[in-house]
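First comes the structure, then the notes that go with it.
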Amino acid sequence: MSAKTRPWLLLAPTLAFFFLFVFLPVGVALYQSFFSWDLLTPPRWVGIRNYTSLISTGALLSVLGRTLLFAILVVLGTTASGLGLALLLNREGRFFAFVRASIFSAYVVSWVAVSLLWLWILDPDRGLVAKLLSLIGITDVRLLSDPKSVVPTLAVVAVWKITGYAMVIFLAGLQTIPTSVLEAARLDGANAWSRFVHILWPMLKPTTSFVTTTSLILAFQAFDIIRIMTQGGPANASKLFVYAIYEAVFLNLRVGEASALTVVFFVVLLVLSLGQFHAWRAKA
Amino acid sequence: MALVWIFPYVWMTLTSLKPLPEILHRPTALLPSSPTVAAYREVWGSIDVGRYLVVTLAMALAIAALQIALALPAGYALAKLRFRGRGMALGLVIACLLIPTQMTFVPIFLMFAKLHLVNTFLSLVLPFGASALGTFMIRQALLSVPDEIVEAARLDGASELTIVYRVLAPIVRPTLVALFLVSFVFHYNDYFWPLVMTTDDSVRTLPLGIALLREQGTGVRWHVIMAANVLLSAPVLALFSITQRSLVRGIAGR
């Protein structure tokens with residue numbers, strides 16, 4: 001290996017994989033988005049009609065709106081519960097270690113297991129939630145088959161799943177705050193709330209923005225939970241972005257429409273990811 | 001409050017130990033009145049758990065091993081060698097970090113369909129061969145290794161590959177372990193990719209098989225689904241309890 005080609009030879013396998021499985025596919029998606037193709041007959045050039053019909057039928061806007069609602073709920077829920085639990089459980093001792101590990105383990109387990117578990121807990125006839133609600137006189141609750149409650153319910157399950165992740169990041173953030181600062185504030189007579197507002201919250205800002213952007217992107221990529229718990233239903237009320245792409249290509253055989261959705265998704269994620277990257281740099 | 005996280009697992013396990021009549025008549029009774037492992041036997045009888053598990057483990061291991069093998073030399077080039085275009089190469093890696101598979105699955109599926117690779121082991125492994133996160137993590141770890149170590153090895157006549165795999169790899173071992181665990185757990189759990197790359201049972205993975213078990217119209221047989229859930233979760237939970245520190249480290253990206 002000569003000194004000049006050496007680095008490129010070492011990078012070649014990685015870059016080849018990235019070209020084949022990241023950059024080429026993104027290019028192909030962009031290209032396909034200008035065709036109408038049902039996988040059976042040859043593709044037909046339609047220009048930007050895939051995009052215009054997604055807009056004129058309102059399909060794009062409703063998918064985007066639903067995904068955004070889901071994402072906002074997940075981000076708020078995850079950040080709040082992750083931070084709360086981190087503050088609560090940032091203590092020595094085996095008991096707290098066990099509780100932290102239990103909460104984090106939901107993040108380690110498959111989305112499949114979590115989705116099936118919550119499907120059972122939320123089962124309208126035999127589930128725990130229905131039983132608990134009936135104790136306080138609320139009966140016949142169908143959280144997953146009511147278009148109004150389905151997205152918030154899915155968001156709660158997603159928050160349950162990824163809170164452990166947020167908690168771990170916040171715990172790491174808390175480690176970077178010198179105890180002497182908190183100690184000094186305590187001696188000056190600051191109570192827990194003002195210590196949080198004036199010291200912890202400002203010093204945790206980079207951590208918080210990292211958690212919010214990461215959970216935002218996770219929420220935008222949600223698929224498993226939708227596929228298993230609702231299949232986008234009832235009446236498309238939980239059809240989020242990735243599920244819409246999946247449905248367009250694998251159930252409706254509309255490659256062009258799926259590709260156009262992918263391109264829009266790419267743009268949305270790019271904007272979000274740039275935000276994440278900034279947050280990440282700020283943290284590192 | 002922590003009970004909100006712990007109790008669902010307990011509930012999952014308790015449900016899996018109940019016989020069908022109890023699910024039908026007293027679904028929310030806390031303890032099974034006559035605990036049985038019948039549900040587990042039924043899971044074993046209705047899907048080929050063993051084969052799904054072998055495919056899943058083989059896939060997750062292959063991906064994790066491939067990612068480390070490729071990310072080491074790439075991370076080394078980005079951290080320790082000076083060359084024109086290094087900034088651009090690093091930029092490409094970071095760009096890949098920002099592009100999830102949910103964005104590439106349609107074209108990759110079409111590509112694999114053309115090459116008759118759908119329903120093959122390769123279609124499950126190849127798209128994840130290079131990991132942007134792994135390359136980046138290894139680069140970061142190598143940045144803190146003194147250059148003198150590389151120079152000394154070079155003076156001893158070591159080739160670049162020897163430097164990467166024999167000299168540097170042991171030094172950044174904690175990072176490699178963390179990367180391996182994160183990758184293994186992620187792909188063991190993955191539902192999305194095996195779902196879109198398989199149309200028949202030839203290389204289906206365990207999460208897929210268990211989700212299908214539910215789709216096959218198990219109706220009220222929740223004890224069976226929960227037993228399948230326990231089977232699916234137990235390996236990762238066991239791995240997590242053994243390797244907690246490394247796994248958390250990897251997931252937190254440190």
Pick from region A:63-76 the residues that are of a type outside the set (A, V, I, L, M) and buried (at least 21 other Cβ atoms within 10 Å of the Cβ): which of them is farthest from the chain's Cα centre (by Cα)? A:Arg66
Failed condition for B:Ser202, given (1) outside any helix (DSSP H, G or I); (2) in contact with a helix residue (DSSP H, G or I) (Cβ under 8 Å, 6 or more places away or on another chain), with all others met? (2)
When you go through B:Val220, B:Val248 one by one, which is the residue that is part of a loop (DSSP other than H, G, I, E, B) and facing chain A (nearest Cβ under 8 Å)? B:Val220
Which one of these is closer than 22 Å to B:Gln140 by Cα and either within 10 Å of chain A (Cβ to nearest Cβ) or surrounded by 24 or more Cβ atoms within 10 Å (Cβ to Cβ) (or both): B:Ala211, B:Ala178, B:Ala227? B:Ala178
Can you name the residue in region A:228-248 that is within 12 Å of chain B (Cβ to nearest Cβ) and in contact (Cβ under 8 Å) with a residue 60 or more places away in the chain and is also nearest to A:Leu274 (Cα to Cα) among such residues? A:Phe241
So, B:Val203, is that one more than 13 Å from chain A (Cβ to nearest Cβ), more than 12 Å from the chain's Cα centre (by Cα) and buried (at least 22 other Cβ atoms within 10 Å of the Cβ) or not? yes
Region B:52-69, residues that are surrounded by fewer than 24 Cβ atoms within 10 Å (Cβ to Cβ) and at the interface with chain A (Cβ under 10 Å from one of its Cβ atoms): B:Leu66, B:Ala69
Mind checking which residues of region B:15-36 are more than 11 Å from every other protein chain (Cβ to nearest Cβ) and either free of Cβ contacts under 8 Å to residues at least 60 places away in the same chain or within 30 Å of A:Leu87 (Cα to Cα) (or both)? B:Pro21, B:Leu31, B:Pro32, B:Ser33, B:Ser34, B:Pro35, B:Thr36
So, in region B:116-152, of the ones that are within 14 Å of chain A (Cβ to nearest Cβ) and of a type in the set (Val, Ile, Thr), which residue ends up surrounded by the most Cβ atoms within 10 Å (Cβ to Cβ)? B:Thr135
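For (1) within 28 Å of A:Thr207 (Cβ to Cβ); (2) of a type in the set (S, T, N, Q), each residue gets a yes or a no:
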site	(1), (2)
A:Leu83	yes, no
A:Leu87	yes, no
A:Asn90	yes, yes
A:Leu119	no, no
Residue that is surrounded by the most Cβ atoms within 10 Å (Cβ to Cβ) [pool: residues in region A:104-135 that are more than 19 Å from A:Ala219 (Cβ to Cβ) and of a type in the set (Val, Ile, Thr)]: A:Ile121
Residue pairs qualifying under the 9 Å Cβ cut-off, at least six apart or on distinct chains, with the first in region A:15-30 being more than 7 Å from chain B (Cβ to nearest Cβ) and the second being outside any helix (DSSP H, G or I) and among the hydroxyl-bearing types (Ser, Thr, Tyr), are A:Leu24/B:Thr104
Report whether or not A:Leu60 is surrounded by 14 or more Cβ atoms within 10 Å (Cβ to Cβ), out of contact with any Gly (no Cβ under 8 Å at 6 or more places or on another chain) and within 14 Å of chain B (Cβ to nearest Cβ). no
Look at A:Leu133 and say whether it is within 24 Å of the chain's Cα centre (by Cα) and not polar (S, T, N, Q). no
Residue in region A:191-227 that is nearest to the chain's Cα centre (by Cα), counting only those that are hydroxyl-bearing (Ser, Thr, Tyr) and within 14 Å of chain B (Cβ to nearest Cβ): A:Ser215
With the structure loaded, tell me whether B:Ala113 is within 25 Å of B:Leu176 (Cα to Cα) and either assigned to a helix (DSSP H, G or I) or within 7 Å of chain A (Cβ to nearest Cβ) (or both) or whether it fails that test. no
With the structure loaded, tell me whether B:Ile99 is at pLDDT below 90, within 12 Å of chain A (Cβ to nearest Cβ) and crowded, with 20+ Cβ neighbours inside 10 Å or whether it fails that test. yes
State whether one or more residues within region B:91-100 are under 30 Å from A:Trp8 (Cβ atoms), within 16 Å of the chain's Cα centre (by Cα) and not in a helix (DSSP H, G or I). yes
Are there any helices (runs of 4 or more DSSP H) wholly within region A:167-284 with 3 or more residues that are surrounded by fewer than 20 Cβ atoms within 10 Å (Cβ to Cβ), and if so which? A:179-187, A:192-195, A:205-220, A:255-283
Scan region B:100-128 and report the pairs whose first residue is touching a residue at least 60 places away in the same chain (Cβ under 8 Å) and whose second residue is surrounded by 19 or more Cβ atoms within 10 Å (Cβ to Cβ) and among the hydroxyl-bearing types (Ser, Thr, Tyr), with Cβ atoms within less than 6 Å and a gap of 6+ or a chain change. B:Phe112/B:Ser123; B:Asn119/B:Thr198
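The values are calculated or read from the model by the stated rules, or taken from the named source; none is laboratory data. Model, not experiment: these values are computed from the prediction. As a convention, Cβ positions derive from the backbone with ideal geometry for all residues, glycine included, and neighbour counts pool all protein chains shown.
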